[in-house]
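Only the coordinates and a few stated rules stand behind these numbers; no lab work does. All values derive from a computational prediction rather than experimental measurement. All Cβ positions, even for glycine, are placed from backbone atoms using ideal geometry, and neighbour counts span all protein chains on display.
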Amino acid sequence: MEPLKRSITSLAFALIVALGASAQEISFTAAVDRNTIAAGDQFRLTITLTNAQEPYSTPSMVGLVVMQGPHESSSVNIMNGRMSSSVSRIWILTATQPGKYTIGPARVKVAKGVIETDPITIEVTKGNAPPSDASAAQGQHKDPNLFITVTLSKSKAYVGEQILATYYLYNRYASVEDANFQPPKLTGFWTEEIDVGGTRWEERVVNGLAYRVGIIKQQLLIPQRSGKLRIEPMALTCLVNRSFFNRGTSVEASSNAAEFTATPLPAGAPANFNGAVGELQLQVLADRTKVKENEAIEVELRISGRSNLKLIDAPRIDFPSDLETYEPKSIDKINVSSAGMSGTRGFQYTVIPRNEGRFELDPITMSYFDLRSGSYKELRTEPLVIEVSPGDSGPSASISRPSRTDVVPLEHDIRYIHTGDLELRPTGHFLFGSWPWVAGMSAPGVAFLLFALVHRRRQRLLGDPEALRKLRAERTAKQRLREAESALQQGSSAQFHTALSKALHGYLADKFGLGVAEVTAADLRTRITDHEGSEELAESCARILATCDMARFAPVEDKPRKDMYDEAASLIQRLERDHRS
Amino acid sequence: MRITLAIAFATIVAGISSSAMSRVEADSLVASGLRAYAAGDHAAAQVALDSVAHVFNSAALQFDLGNCWFKLGDVSRAILHYERGLLLQPGDADLLANLALANDQVKDRLASDGGPVLGATWARFRGGDDPDQWSRRALFASLLFFALLCAAMLIKGRTPRRASWILASGAFIALLICIGFASMRHDELIRSEHAIIMEPKVEVRSEPRTGTKVLFVLHKGTKVAVDQDAEGWTEVRLPSGIVGWMPTGSLERI
């Protein structure tokens, strides 16, 4: 079926061309797909001759390099019953040096005469990719057919700044396999692979030789220390020219070495600098700011921008002490591309307020090194206020709280001074050994001794009625004398004498331990003898007693009553003095 | 500034009549010193309190003075005052806490005496509330003892009489204990047996003379026991028992 169909189509085509050729207008054009390119880039030149088959001349292409071509293609169109045919030649061209290039006119001789295409000017700008850098030339020098180059986006950068390393494979073989490329081990760098997708090959000319060049690897390098850092050359074994008929040849591709200088960040980094280099923003977000006790809040600290984001540590957050916090969870949305790392790095803290109240989270600060201005800049968040209302006190609130934790002292300081009364006392003045103390200590002892003496004496008297009578003799006598005195004042003679007699009589009986009847004049004389003048004393006593006895019965008074009273009182006094105990 | 001036004036006045500083003057000086401390002017507070400390004394005053020196950065003076305060009121929790903090900054580490818990409790018991407490207790015990003796003589019943005899003998033992403690405390307060090193570094020699063998080196803030004095030299003893001579000017008695 297939060959038959094709032959029919060919026949139809030949017929159409033959029929319509003379009837159609002839055109001859030259076109490029773009007329401004970067050095090393490719563009396409198409020269099309419509409705004619005459051969035409190739235009002049001074300074341009033909990468491919010319390829020829032809087409036939039938539109509204009108048929047209065209023949095109296509060149893939490139330019290695920047500048202006002119593609000259192409000429064709047809029946009507000679037709020329318009000349085309191509502007070639400076290339952005490494078109024919020194490393490529160097690699070409080693092996003109297969080599690798390493290019760094910068040869000098700050510690922490991001540099792009691109590994190009230059190839002139028909095919190359096993680009399973392992980049060299790098010391002093933190590396981040960039996904380049499949290798895209493009044509490039180095020193007049056309290569197929592919990016086999891209890496972001972040220098971790200052000084000269070197990327060692490496080798890669590839299988080339493998095809259905050929098993291929093993060829080793080697690369150049790249050198790099990392400059240290300027001195005077703020305390809250955590190694971030680039351009950043900082914000603090909370999923809600009004909660009840024991309900969790997610507080996220989000760092966003273009920086070495993956190397940034969480800035220090001082949560109010009554909030329970857990270790932050990091939420990264970081895009690694050839332009560097960008995106956000978030630190999510789960915060559980255990008490009601208003908690204010102080602004969080973080410093970074701004590459554009070459200085440190500080980021500061807005303060975050969390309002905590009391939790439900129903049965649902009986959720077991986490076990109590110890109070951890954060700092140590001396205890504050004593204020108020310092209880000052004169220096060097003590109660111990001072005379008030000695007096105070001995006073109870002395008092006790006195008490003991009195007590003992009293005890002794209590045990001896005779002695007690003797002791009380004076007191009794004095009582009786008072009775006599009152009788004296009343002027009652008998009463007076009775009382006086009783007083003296009783006294003498008590004093000498006698019965009342035993007190006689004779007896008195024997008893009152041991003192000077005692005889006289005894006489006086006897006389007074006799007088009293007499006066009781006969109202004869040889002496005034007053004198008698005084005599009796003085007698008792004298006797008391002489016969103490 | 105003506080400082007031204190300076008060200090001059106090200096003139230091021997006859009245209780009222002392109280006003203390009050101005405490105000200065509260305002953060530790130097002025120290000057004011120190002028009072020449005439009056108390554990609280020594505590406050120690705090002033601590805040002024002179740890050895702070230790000196805390130790003086502890002498007046052994086992005081505040004094012990601050002394421990100050001692953390002392270079020399010496074997400490007594366990921390039992030590403080025993010291509080031994020290009483103020230096005169045991003397007052002795007075009370003496009164009680003789009162019980009188009671024993007066009481008629056999059993109550016996009980009061027993109580009286208990009171007598208590009296002896109180007198013992009072005398011990008095002795402790009268004699200053310890001293604090005031120089940053002192070489302790084998003899009271320069040029003799250096036995060991002590640093600022270390507490040592003092044995004897001899012409500008003092014999000090460490808890470990080693003894040596150092210039008297390098230490301050507690």
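The table that follows gives values for the structure above.
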quantity: Low-density loop cleavage sites - chymotrypsin sites (Phe, Trp or Tyr not before Pro) in region A:240-302, where at most 12 other Cβ are within 10 Å (DSSP); calculated: A:F244, A:F245
quantity: Cα gyration tensor shape of the protein assembly as shown, rounded if a/c is under 1.5, else prolate or oblate by comparing a/b with b/c; calculated: prolate
quantity: Mean-position separation - Cα centroids, region A:31-109 and region A:281-296, in angstrom; calculated: 66 Å
quantity: Karplus (6.51, -1.76, 1.60) ³J(HN,Hα), θ = phi - 60°, over region B:243-253, in Hz, Gly and Pro reported as x; calculated: 10, x, 10, 9, x, 4, x, 7, 10, 10, 5
quantity: Estimated translational D of region A:465-578 in µm²/s (Stokes, Kirkwood radius over Cα pairs; 25 °C; 0.890 mPa s); calculated: 175 µm²/s
quantity: Structure-based [θ]222 nm, chain B - -39500 (n - 2.57) summed over DSSP H runs of at least 4, per residue, nearest 500; calculated: -19500 deg cm²/dmol
quantity: Lys/Arg +1, Asp/Glu -1 at C-beta; chain A dipole; positive extreme among A:V114, A:Q68, A:M564; calculated: A:V114
quantity: Taking chain B and dividing mean pair separation by its residue count, relative contact order in percent (alpha carbons under 8 Å, at least six apart); calculated: 14 percent
quantity: Nearest 10 degrees, 0 to 90: helix A:534-553 Cα axis against chain A principal axis; calculated: 70 degrees
quantity: Gyration tensor verdict on chain B (Cα atoms; rounded if a/c is under 1.5, prolate if a/b is larger than b/c, oblate otherwise); calculated: oblate
quantity: Folded to 0 to 90 degrees: helix A:493-512 orientation relative to chain A principal axis, Cα; calculated: 70 degrees
quantity: Nearby aspartates and glutamates by direct alpha-carbon distance to A:K478 (threshold 14 angstrom, same-chain neighbours under 8 apart not counted); calculated: A:D510, A:D566, A:E567, A:E576
quantity: For region B:194-253: rounded, prolate or oblate by the Cα gyration tensor [a/c cutoff 1.5]; calculated: rounded
quantity: Euclidean distance of C-alpha centroids, region A:470-492 and region A:210-257, integer Å; calculated: 150 Å
quantity: Simple spin-label estimate for A:S155 and A:S321 in nanometres, 7 Å along Cα-Cβ; calculated: 5.8 nm
quantity: Set of lysines near A:K156 by C-alpha distance (under 19 Å), chain-local residues within fewer than 8 positions excluded; calculated: A:K228
quantity: Karplus-derived HN-Hα couplings along region B:22-32 (A = 6.51, B = -1.76, C = 1.60, θ = phi - 60°), whole Hz, x at Gly and Pro; calculated: 7, 4, 5, 4, 4, 4, 5, 5, 4, 4, 5
quantity: In region A:239-315, the GluC sites (Glu not before Pro) that fall in loop regions by DSSP, at most 15 other Cβ within 10 Å; calculated: A:E295
quantity: Net +/- balance of residues flanking A:F260 in space, Cβ distance below 9 Å, scoring K and R +1, D and E -1; calculated: +3
quantity: Built amide H within the under 5 Å cut-off of B:L251, gap 5+; calculated: B:M198
quantity: Alpha carbon centroid spacing (whole Å) that separates region B:192-254 from region B:69-111; calculated: 19 Å
quantity: Likely footprinting exposure, B:S28, A:S337, fewest C-beta neighbours within 10 Å first; calculated: A:S337, B:S28
quantity: Average Cα contact separation per residue, region A:149-211, under 8 Å, 6 or more apart, as relative contact order %; calculated: 25 percent
quantity: Zone residues, region B:81-108, relative to B:E193, backbone N less than 17 Å from point 7 Å out along Cα-to-Cβ; calculated: B:83-91
quantity: For chain B, built as a Gaussian network whose Cα springs stay under 10 Å, the top-fluctuating residue of B:G73, B:G232, B:G33; calculated: B:G232
quantity: Highest-fluctuation residue, B:E25, B:E231, B:E207 considered, GNM on chain B with Cα pairs under 10 Å; calculated: B:E231
quantity: Value of [θ]222 nm, deg cm²/dmol, for chain A, DSSP H segments ≥ 4, -39500 (n - 2.57) each, nearest 500; calculated: -8500 deg cm²/dmol
quantity: Cα-based helix-to-principal-axis angle, A:2-20 vs chain A, degrees rounded to 10; calculated: 70 degrees
quantity: Neighbour-count ranking [beta-carbon atoms within 10 angstrom, fewest first] of A:V206, B:V106; calculated: B:V106, A:V206
quantity: A:L265 long-range amide H proximity, modeled H, under 5 Å; calculated: A:V159
quantity: Whole-Hz ³J(HN,Hα) from phi, Karplus 6.51 cos²θ - 1.76 cosθ + 1.60, for region B:97-105, glycine and proline x; calculated: 5, 5, 5, 4, 5, 5, 5, 4, 8
quantity: Residue (of A:P383, A:S337, A:F319) at the positive-pole extreme of region A:273-392, dipole from beta-carbon charges; calculated: A:S337
quantity: Highest-MSF residue in chain B out of B:P90, B:P200, B:P131 [GNM, Cα springs under 10 Å]; calculated: B:P200
quantity: Kirkwood hydrodynamic radius of region A:134-263, Cα pairs, Å; calculated: 15.4 Å
quantity: Relative exposure of A:H505, A:H429, B:H186, judged by other C-beta atoms within 10 Å (fewest first); calculated: A:H429, B:H186, A:H505
quantity: Relative contact order for region A:454-550, counting Cα pairs under 8 Å that sit 6 or more residues apart, in percent; calculated: 25 percent
